[in-house]
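Since the structure comes first, as structure tokens, the remarks are kept for the end.
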């Protein structure tokens, strides 16, 4: 009789453990369902992009240059089309002293990673010092190399001054 009671207790514990460990897609955060290592890679993509905006805030041209792949390009998507340029002029402007800080907070991002390819889609607002300038979407593609880690290969944005959104805790 004791053996049967012990067996029942063990089965009950196993059922409870299985219920706790089960990942129901309807109740688990998406991050918890990611394959092993995916969260780490996604965080590394975000960190690479955030380094660019840190470089902009601190006038650090060397940091900005390190974030971009040697063949990177910038683009602006408008109602009239899309235009592209290299990053050298942008990196040079980042490194120059400024009267006002270039501040581009980002939030509500979505990140995807597949092997060495990463992408980030994020809202942004751009401020010159404390003055709001414009907002839009940054669509950023990155490549992970063994030597340099995650680097931006392309950054395309939209830009507008009307019907803007603002980062949490900050308005126009």
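Read-outs throughout are calculated quantities, based only on the coordinates presented, and are distinct from any laboratory measurement. Note that the structure is predicted; figures quoted are calculated from it, not measured.
Short to long, the 10 Å bins of the Cα pair-distance histogram for region 61-172 hold 13, 40, 38, 8, 0 percent of all pairs.
Sorted largest first, the principal axis extents computed over the alpha-carbon atoms of region 100-160 equal 39, 21, 16 Å.
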